[in-house]
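Asks: One structure, pasted below without further comment.
The values are calculated or read from the model by the stated rules, or taken from the named source; none is laboratory data. Given the structure is predicted, the values throughout are model-derived calculations rather than measurements. Cβ placement follows ideal geometry from the backbone for every residue including glycine, while neighbour counts extend to all protein chains displayed. Please note that ligands, DNA and RNA were not included when accessible areas were found on the heavy atoms of the full protein model with its side chains. Shrake-Rupley method; radii C 1.70, N 1.55, O 1.52, S 1.80 Å.
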Amino acid sequence: MNIILLGPPGAGKGTQARHLVETRGMIQLSTGDMLREAKSSGTEMGLKVAAIMDAGKLVTDEIVIGLIEEKLAAEPGAGFIFDGFPRTLAQADALAALLAKLGQSLHTVIEMRVDDEALVKRITGRFTCGDCGEVYHDETKPTAEADKCDHCGSTNMVRRADDNEDSLRTRLMEYYKKTSPLIGYYYAKGDLRPVNGLADISEVQNSIKAILG
Ligand code: AP5
Ligand code: ZN
């Protein structure tokens, strides 16, 4: 089963994707994580995209489609969660073609609905474990012990360079301009299932479970 988690920055895509990985053994493909990895390891591509990401703009379709193509080729039979991809109509068309080439299809597109005011609070309070990737929030999901990961015990907590109000404003503009047309695109195909992303993390998990069965 291949699914897309579609939603604005801070909607909870990464949080829900990790839960699906743990409970269903699916594979999370986050283009944001892949690009951040390239950025921190200083590859040529990473250096090229660093400033674009920090400013909150989208990187080129060609780069992200290439990243996804590589991952799909590496594990062609797996159940994928696409997190943060596709983000443009060109990326959506490319994904359909890549899956078709593997004899696979898309099961569902889960649209996570959250209003802008809540997104600002989520993004400005987010921190992540630099070792295992668990995502936390100052208010809604703090660690049990200050600055220590509940999941792996690491004290290496990181805050993203683009998690500030200026970059978030640009990320939201990019989302409404280039990504939100995908809502109509997948609705027309009959694949779209909305969930209330404003609910508690566990309630959102339950809504997704009800959709996926
Ligand atoms: P990316 O890493 O994909 O960032 P994003 O889409 O902006 O999404 P986020 O990771 O910020 O949010 P999320 O929805 O995963 O929320 P999370 O679960 O962390 O992309 C970063 C950049 O990379 C882009 O700007 C672009 O430059 C580039 N890029 C990536 N993909 C690309 C593509 N396909 N094409 C072109 N460029 C691309 O939750 C947020 C916070 O809220 C956390 O603190 C969490 O604990 C908390 N939280 C989660 N759920 C709830 C809840 N239900 N209630 C309360 N709090 C909650
Ligand atoms: Zn950890």
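Asks: Identify, please: which residue in region 47-72 is among the charged types (D, E, K, R), in a helix (DSSP H, G or I) and in contact (Cβ under 8 Å) with a residue 40 or more places away in the chain and is, among those, most open to solvent (accessible area, probe 1.4 Å)?
Replies: Taking region 47-72 and keeping what is among the charged types (D, E, K, R), we get 48, 54, 57, 61-62, 69-71.
When the remaining residues are screened for being in a helix (DSSP H, G or I), the result is 48, 54, 61-62, 69-71.
Okay, now just the ones that are also in contact (Cβ under 8 Å) with a residue 40 or more places away in the chain, so 54, 71.
Values: ASP54: 57, LYS71: 91 Å².
Filtering first and then ranking leaves LYS71.
Asks: Something else about it: Conditions first: (1) open to solvent by 70 Å² or more (accessible area, probe 1.4 Å); (2) farther than 25 Å from GLY130 by Cβ. ASP150 passes all but one, so which condition is the exception?
Replies: Of the numbered conditions (1) open to solvent by 70 Å² or more (accessible area, probe 1.4 Å); (2) farther than 25 Å from GLY130 by Cβ, the odd one out for ASP150 is (2).
Asks: In addition: Do any strands (runs of 3 or more DSSP E) lying entirely in region 81-165 carry at least 3 residues that are more than 10 Å from ligand 1 (Cβ to nearest atom), and which ones are they?
Replies: Numbers: elements: 108-113, 126-129, 135-137.
By residue number, 108-113.
Asks: Same structure, new question: Could you tell me whether region 108-130 includes any residue that is within 16 Å of ligand 2 (Cβ to nearest atom), within 15 Å of the chain's Cα centre (by Cα), at positive phi and in contact (Cβ under 8 Å) with a residue 40 or more places away in the chain?
Replies: Checked region 108-130: no residue is within 16 Å of ligand 2 (Cβ to nearest atom), within 15 Å of the chain's Cα centre (by Cα), at positive phi and in contact (Cβ under 8 Å) with a residue 40 or more places away in the chain.
Asks: Quick check on my filter: what residues within region 3-46 are buried (at least 21 other Cβ atoms within 10 Å of the Cβ) and more than 14 Å from ligand 1 (Cβ to nearest atom)?
Replies: ILE3
Asks: To continue, here is another question. Regarding GLU75, is this residue more than 22 Å from LYS178 (Cβ to Cβ), touching a strand residue (DSSP E or B) at 6+ places or on another chain (Cβ under 8 Å) and acidic (Asp, Glu)? Working first, answer last.
Replies: Values: more than 22 Å from LYS178 (Cβ to Cβ): yes; touching a strand residue (DSSP E or B) at 6+ places or on another chain (Cβ under 8 Å): yes; acidic (Asp, Glu): yes.
Yes: the conditions hold for GLU75.
Asks: Let me ask something else about it. Under 9 Å between Cβ atoms, which residue pairs at least 6 apart in sequence (or on different chains) link something in region 192-213 that is open to solvent by less than 80 Å² (accessible area, probe 1.4 Å) with a partner that is among the acidic types (Asp, Glu) and away from ligand 1 (no atom under 11 Å from the Cβ)?
Replies: These pairs meet every condition: LEU192/GLU111; PRO194/GLU111; VAL195/GLU111; GLY197/GLU111.
Asks: Here are the criteria: (1) acidic (Asp, Glu); (2) modelled with pLDDT under 95; (3) buried (at least 17 other Cβ atoms within 10 Å of the Cβ). Tell me which single one ASP116 does not satisfy.
Replies: For ASP116, the failing item is (3).
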